[in-house]
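Trainee: Have a look at this one.
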Amino acid sequence: MRIGAHSQYNEYIFLTNAAVNVKQDRRSSTCLKDGFYSLVVQMENKGSDDVDKLKTKVLSAWHNVKYSWALKSKTYFSRNSPVLLLGKCYHFKAEDDDSPTECYEASDEDLVTMGNAETFRRDFASRVWLTYREEFPPLPDSTLTSDCGWGCMLRAGQMMLAQALVLHFLGRDWTWSEALNLQPLDTETWTTSAAKRLVASLEASMQGSPSRSNPGPLPVGLQVHAQGAAEEADAHLRKVYHRTLVSWFGDTPSAQLGLHRLVRLGLVAGRQAGDWYGPAVVAHIFKKAVEEATDPGLAGITAYVSQDCTVYSGDVIDSHRATGLGQESAGRSDEPPSNSQDPAPSPVGNRAVIILIPVRLGGEKTNPDYFNFVKSILGLEYCIGIIGGKPKQACYFVGFQDDSLIYMDPHYCQSFVDVSTSDFPLRSYHCPSPKKLPFSKMDPSCTIGFYSRSVQDYDRIRQELSKVLQPSAKEKYPAFTFMQGHSGDYDLCGGLTPEKKEWPFIHTPKRVTATTGDFVLL
């Protein structure tokens with residue numbers, strides 16, 4: 001082997017041994033180890049460029065190994081404290097239960113018998129779950145076929161956006177009929193076949209084998225005609241909404257809100273496939289993705305991202321009043337199936353708006369003074385959650401109990417699903433097991449999301465949030481603010497070009513506001 005590749009060689013040996021030791025199946029480990037060693041032999045005759053390419057492939061393979069199983073962690077919920085999940089409140093203590101037990105493990109038996117815990121489980125499992133995937137078509141300007149180890153913030157953003165679309169098309173009370181049939185995530189065995197598949201993938205990269213062809217285009221999006229509340233409430237129509245919504249997040253280049261399109265948009269911001277994305281950058285990427293979506297089903301919704309922790313009401317109202325793609329010509333409505341508790345249908349020509357607000361709730365750590373604020377936000381039905389997490393480990397916060405956040409975890413590697421088929425499986429897009437994180441471990445950088453159906457809805461949201469945002473005696477500044485008028489009225493961007501205004505993380509030297517990362521420190 002050439003001396004110049006010696007360091008890379010050592011990295012491959014380290015990754016090989018780590019991948020082998022992390023699994024307990026001796027036969028599978030031998031298969032994987034032998035396969036890697038055979039590839040190392042091939043490397044000896046390769047040039048430095050080939051070594052770099054293989055290094056990328058091995059690192060991707062290592063992440064696939066690392067995140068291809070999930071250790072079943074026990075999540076405990078207090079019987080005596082309410083649980084808030086995206087505006088819904090649940091109590092796990094039965095009315096006739098006087099047990100002094102303070103907490104319990106969320107096992108299947110407990111969830112069925114403890115008060116309305118079953119309703120909570122059904123609600124949680126109905127949320128759309130987007131995780132790492134492997135073996136999908138290569139990402140733009142990259143050979144990567146998996147997002148393991150780096151795409152968690154994009155996945156968290158997808159989950160928040162999916163919740164907004166659930167509110168838009170199905171309403172907050174919708175639940176998936178098969179939610180209670182999901183099985184818990186147990187420890188999976190590293191099988192011999194999985195090891196062989198990994199080695200075969202690496203060998204193909206060494207031999208320059210062509211990548212798999214991309215799946216065909218997605219089915220045509222939802223084109224629901226306004227035919228009255230009775231027909232929209234049909235169960236079959238709800239299933240169509242659900243399946244089509246999930247397909248928009250498929251891991252194919254043609255998916256409207258899929259990883260391939262998000263990575264392509266991220267290239268404009270200087271982010272490559274394999275880079276880590278912050279919550280503010282992800283907010284702007286999703287804004288662009290929603291605006292550029294070509295599926296008619298997404299014509300009735302758009303996105304708005306606040307600037308410097310300020311929501312400008314004039315800009316949000318303009319977003320509401322803008323006409324979506326083909327909305328008037330089609331004469332359709334994007335309202336969800338009718339429900340007695342759903343908001344009144346919006347008039348044609350009035351788009352719904354997903355409001356995304358990047359904030360920073362402290363300096364190095366989250367300021368405890370903001371804990372109650374986060375609780376208040378997650379207790380609102382029009383809140384679509386918070387994307388953030390622990391440092392360098394993103395997740396999607398959907399609720400809380402006492403001093404712990406409830407979240408959905410994208411750090412679980414699943415196989416590619418071809419969403420272009422009419423009956424693709426949905427189970428891998430729903431999470432059976434909630435996780436909890438103490439508020440004290442929450443990273444201060446995050447993006448808060450809200451769904452506003454109409455101008456009238458936004459007025460109500462603004463008034464309610466203004467009360468929540470009133471600073472307490474401990475808080476010196478609110479997490480974000482509302483301002484009348486448009487951002488342009490305040491000349492925040494000076495002489496920036498439209499492109500730089502669109503991507504506020506591309507800063508201009510003239511700005512003197514103190515910033516850290518993607519956020520303005522208050």
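Trainee: Quick one: which helices (runs of 4 or more DSSP H) lie wholly within the stretch 192-277 and hold at least 1 residues that are modelled with pLDDT under 50 and surrounded by fewer than 17 Cβ atoms within 10 Å (Cβ to Cβ)?
Mentor: 192-207, 229-232
Trainee: Let me ask another. Filter the stretch 291-338 for residues that are under 17 Å from L165 (Cα atoms), small (G, A, S) and either modelled with pLDDT of 90 or more or buried (at least 20 other Cβ atoms within 10 Å of the Cβ) (or both) and give the result.
Mentor: A293, G297, A299, G300, A303, S319, G324 - these are the residues of the stretch 291-338 that are under 17 Å from L165 (Cα atoms), small (G, A, S) and either modelled with pLDDT of 90 or more or buried (at least 20 other Cβ atoms within 10 Å of the Cβ) (or both).
Trainee: If only one of S440, S420, S415, S452 is out of contact with any His (no Cβ under 9 Å at 6 or more places or on another chain) and either open to solvent by less than 50 Å² (accessible area, probe 1.4 Å) or basic (K, R) (or both), which one is it?
Mentor: S420
Trainee: A further question follows. Do we find that D141 is open to solvent by less than 10 Å² (accessible area, probe 1.4 Å) and more than 24 Å from E381 (Cβ to Cβ) in this structure?
Mentor: no
Trainee: List the pairs whose first member sits in the stretch 405-430 and is of a type in the set (D, E), whose second member is open to solvent by less than 20 Å² (accessible area, probe 1.4 Å) and in a loop (DSSP other than H, G, I, E, B), and whose Cβ atoms are under 7 Å apart, counting only residues at least 6 apart or on separate chains?
Mentor: D418/F424
The values are calculated or read from the model by the stated rules, or taken from the named source; none is laboratory data. Model, not experiment: these values are computed from the prediction. A quick note on method: Cβ atoms are made from the backbone with ideal geometry, for glycine too, and the neighbour counts reach across all protein chains shown. Side chains included, ligands, DNA and RNA excluded: accessible areas come from the protein's heavy atoms. Shrake-Rupley method; radii C 1.70, N 1.55, O 1.52, S 1.80 Å.
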